[in-house]
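Okay, so here's the structure we're looking at.
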Amino acid sequence: GYYYGLGRDAVESVAREGLATCVHLEIEGVRSLKNTYFKPRYILLVPMNKEKYEGHLRRKGLFSRPEIEEAVSRVDMYIKISQDIPGYFDAVVNTDELDEAFTELSFLVKAYLGLEPPAVDSIQ
């Protein structure tokens, strides 16, 4: 079966090789994946500054106005889920500063894979 375009066989094949996959999912995909036997880590990458996020999307020139409005409107939903359901996401990374976000995400992935010792305050 597929989970929002993600083939279960592909994920299982990678897991059998002792590797990990990183995928981008909207909340619907997260909910679907949570109802499977997979035991992934969920890292929420979310902008805290919606105006900056909207400007970034507009400057890229890849999205229509309705797509940008939809993306920006979902930010509050993701933050609310994170606040209302502790543990729903294993970690939350603020993406306002992309270099910092990448560094934090890279650290988290390595820590989850056992490649780096986790910092006490970095992982929920």
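The values are calculated or read from the model by the stated rules, or taken from the named source; none is laboratory data. These numbers were taken from a predicted model, which means no experiment stands behind them. All Cβ positions, glycine included, derive from the backbone under ideal geometry; neighbour counts span all protein chains shown.
Quick notes on this one:
- The set of residues from segment 12-32 being among the β-branched types (Val, Ile, Thr) and outside any loop (DSSP other than H, G, I, E, B) comprises VAL14, ILE27, VAL30.
- Among the criteria (1) at pLDDT 80 or above; (2) touching a strand residue (DSSP E or B) at 6+ places or on another chain (Cβ under 8 Å); (3) farther than 26 Å from THR103 by Cβ; (4) not charged (D, E, K, R), the one THR36 does not fulfil is (1).
- Selection of segment 33-73 for residues being over 16 Å from the mean Cα position of the chain (by Cα), free of Cβ contacts under 8 Å to residues at least 12 places away in the same chain and outside any helix (DSSP H, G or I) yields ASN35, TYR37, GLY61, LEU62, PHE63, SER64.
- Any hit, segment 16-24, residues being modelled with pLDDT under 95 and touching a Leu at 6+ places or on another chain (Cβ under 7 Å): yes
- Selection count where residues are of a type in the set (Gly, Ala, Ser) and at pLDDT 95 or above, scope segment 92-107: 1
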